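Inspection log for the structure reproduced underneath, given as structure tokens.
The values are calculated or read from the model by the stated rules, or taken from the named source; none is laboratory data. Computed from a predicted model, the values in this text were never measured in an experiment. Quick reminder, even Gly has a Cβ in these numbers, built from the backbone with ideal geometry, and neighbours come from all protein chains shown. Side chains are part of the model used for accessible areas, which takes the heavy atoms of the whole protein and leaves out ligands, DNA and RNA. Shrake-Rupley method; radii C 1.70, N 1.55, O 1.52, S 1.80 Å.
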Amino acid sequence: MKHQAIDELLFGKIRPQKAPKKFVLLVCALLLLTIIPLYYPSICRSLFVSKTIDSNPLVPSPSSSAQEEDLPSITSNLKCDIFTGEWVPNPEAPYYTNKTCWAIHEHQNCMKYGRPDTEFMKWKWKPDDCELPVFNPAQFLELLRGKSMAFVGDSVGRNQMQSMICLLSRVEYPIDVSTTEDQRFIRWKYTSYNFTMATFWSPHLVKSKEATYTDGPTKTGLFELYLDEFDEAWTTQINEFDYIILAAGHWFFRPMVYYENRKITGCNYCLLDNVPDLGKHYGHRKAFRTAFKAINSLENYKGITYVRTFAPSHFENGIWNEGGNCLRTKPYKSNETRLEGLNLELYMIQIEEFRKAEKEGRKKGLKYRLLDTTQATLLRPDGHPSRYGHWPNENVTLYNDCVHWCLPGPIDTWSDFLLEMLKMEGMRSAEEKKHLISRDRRSN
């Protein structure tokens, strides 16, 4: 009943009876001073704590002042599509550098390897119908105090986590609390906030392994995907996490053999005799379906699953292993390009499977959220390392990298999206609860 009272107070469901104005004001004041601090301490604190973080974005050393930033207040973006908009200049960026953040992967450390331009770091996302605040590290850590978050997927997911570590470094650096020396399964802890962040390597989201009998037609490996089997490297580990960021995509462009019921059912560009080529989309859909099935089948998982949508690459004048490159230095405008072809197909598969999983998960009280980064990412052909992720004479598989993202760079905005969604979560949960109650009443 107390929670219901708070929901009604915040969302306008309470209609006061006639009473003297002074009495009503007194009651409201008591509610604000007693109930709200009890159940919404971050909202209450945000009303009284002023922003004191150093405004110099290039000096991101941890400090007590950084921890006193404004804490989340109720956002007005609940009915705004924060994922549709344009990139606009942001002269205050970047908020860290490759010299102030040790978490940047070598292949995304574009400034270290001589990228000559810097404008790609100086943009922010502006939704069409509202404002999207720049990521506030103190807000984020306060919201996730005592919580845990797991990134499940491929190296672009790792790229995202490292971006977040760099953004959070203005407040605190994490310590390594990994239970294994395998760098694909790292755990970090922010001790002041008791917040844990982890990454689970699962590029196909389902059980998979590299074939030993051939290197595949592209000489970059042939992968065997068991499309109906869970990848227990992550599915057995996520029960304890409050939030999952699930994403995959680019590994489905590689040659693959598909197994279902432990039998070969087809492949993607495997060139094996008597094996039908079912294309990338077949494995992509089945893999996401199985991953969602795994989440919905967990008995003890009560977290929120954020599905980060496909981030298109930007190879031009050839594919990745045939001279393709990404040399643009400015974002596209939204009317200058569009999602099409295979990129559109993979994106739509994710949306369709997400909707099905969301509907099924709702029956068990599980929540799914769509972190729809595709449009914003599509407009940033300038944000990739290209040849600036290694020294010129290095022997690397992906010489011109137009898949991953420079840090600092465009995907720092993914944390802007995520924080705004976390801030909206309380409002959205209340709205969903009201909708379910209303639906149940109509059905009765």
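Overall shape: rounded for region 85-439, with the ratio a/c of the largest to smallest alpha carbon gyration tensor axis below 1.5.
Just the protein heavy atoms count here, and of the accessible area of region 85-439 at 1.4 Å, carbon and sulfur take up 49 percent.
Each of the peptides 305-312, 269-276, 144-151, 404-411 was scored by the mean count of other Cβ atoms within 10 Å over its residues; in descending order, highest first, they stand as 404-411, 305-312, 144-151, 269-276. About its Cα centre, region 85-439 has a charge dipole of approximately 820 debye under the convention of +1 per Lys or Arg Cβ and -1 per Asp or Glu Cβ, with nothing else charged.
Annotation: per residue accessible area for region 85-439 equals 43 Å², rounded to a whole number [probe 1.4 Å, protein chains only]. In region 333-377, which GluC sites (Glu not before Pro) are in a loop and have at most 13 other Cβ atoms within 10 Å, using DSSP for the loop call? Hits after loop and neighbour filter: Glu336, Glu340.
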